[in-house]
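The next block holds one structure in the form of structure tokens; read it before the comments.
Here, each number is a calculation from the coordinates, and none is a lab measurement. Computed from a prediction, not measured in an experiment: that's the story for all the values here. Backbone-built Cβ (ideal geometry, glycine too); neighbour counts: all protein chains shown.
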């Protein structure tokens with residue numbers, strides 16, 4: 001009996017030792033970790049479409065103050081708000097989180113406005129001996145807008161999929177404006193000044209703004225953006241040679257047109 005007990009204990013010990021040795025020989029599995037997502041690439045060509053809202057303010061000043069009429073500077077302002085839709089093309093370079101590039105765009109715009117302003121003439125004699133003045137009629141119509149801008153910004157987020165940027169450059173626009181005066185002084189009541197001023201053609205200026213663009217992780221070739229631009233155009237000096245047909249002034253008659261715009265828009269880009 002003692003012999004069989006010793007035999008059983010020895011057998012159990014041998015099996016345990018053998019199992020432990022075999023277990024020690026098994027390879028140890030290292031914990032598995034998911035690979036981090038690849039950072040987004042903003043470099044290269046892209047094209048896209050955009051749409052938004054634009055407000056254009058046209059201001060005109062007529063600086064001459066005739067001594068016999070004593071007008072206190074003739075002026076008028078018209079503010080037009082309308083829609084803008086178009087497309088853009090650009091190219092980006094990327095250095096880690098820093099992205100910079102060039103972009104050109106063109107938008108078709110529908111922003112029209114008309115405004116009347118009364119220009120006081122204290123030295124004039126109106127009906128019944130009262131002071132007179134002029135009613136200035138200003139009309140403005142922005143038809144298109146194009147910009148050529150540089151962009152620079154930084155990427156944020158775990159995958160660098162969001163771009164915060166500033167932008168600025170050249171602005172061109174087709175703005176048609178005209179300014180005329182309807183007199184209500186003395187015998188000229190209700191008569192329209194034939195020496196109206198017209199400012200047509202391409203306006204040149206500068207633009208600056210900020211924006212944000214996000215690249216979709218599921219479709220990395222596509223991105224969505226929103227931006228706001230301030231646009232300032234060069235003053236347009238217009239001179240009408242005259243003479244006036246009813247108040248005796250020979251001329252020339254100068255006026256100055258000023259245009260400023262604010263554009264807010266969103267867009268979608270596709271990268272090649």
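Stretching residue 235 away from residue 198 to a fully extended chain increases their span by 12.0 nm, per 0.36 nm per residue minus the current alpha-carbon distance. A simple spin-label model places pseudo-atoms 7 Å from Cα toward Cβ; at residue 268 and residue 144 they are separated by 2.4 nm.
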